[in-house]
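We did not get these values from a lab; they are worked out from the coordinates using the rules stated. The structure displayed is predicted, hence computed values, not measured ones. Every residue, glycine as well, gets a Cβ built from its backbone with ideal geometry; the counts of neighbours run over all protein chains shown.
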Amino acid sequence: MRADIQQLFIERPELKQFVRQNPIWYRKLSRYPSQIINLEKEAKFFYGRTLPQRVEKVQSNLGLLMMLMEMIQMGQSTYEQTKEPVD
């Protein structure tokens, strides 16, 4: 493998790990070093770092947060309903 690609793997260990998990990339990069751009795209998709994946993750987290807030509000209203006034 070319020295510049090896240096890239040293600088970006997540790419190195991706190539280890997908050994076909060793062959692709050895034959066509210009495929490094496609490797980066696939690695981003694999690790969930594309914009649509990030947006989906944020939406999921917001949904969980909204559900938690609703549960807290329901718990407070239930507590207030069960609380009896002391005379």
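Could you tell me how many of the residues in the range 17-74 are in a helix (DSSP H, G or I) and either of a type in the set (Gly, Ala, Ser) or in contact (Cβ under 8 Å) with a residue 60 or more places away in the chain (or both)?
The qualifying residues number 5.
Considering only residues that are surrounded by 12 or more Cβ atoms within 10 Å (Cβ to Cβ) and polar (S, T, N, Q), which ones fall in the range 17-36?
GLN17, ASN22, SER30, GLN35 - these are the residues of the range 17-36 that are surrounded by 12 or more Cβ atoms within 10 Å (Cβ to Cβ) and polar (S, T, N, Q).
Which one is surrounded by the most Cβ atoms within 10 Å (Cβ to Cβ) among residues in the range 1-16 that are hydrophobic (A, V, I, L, M, F, W, C) and part of a helix (DSSP H, G or I)? Break it down stepwise before answering.
Step one: list which residues in the range 1-16 are hydrophobic (A, V, I, L, M, F, W, C), which gives 1, 3, 5, 8-10, 15.
Add one more test, that the residue is part of a helix (DSSP H, G or I), and what stays is 3, 5, 8-10, 15.
Details: ALA3: 7, ILE5: 18, LEU8: 16, PHE9: 17, ILE10: 10, LEU15: 21.
Among those residues, the one meeting the criterion is LEU15.
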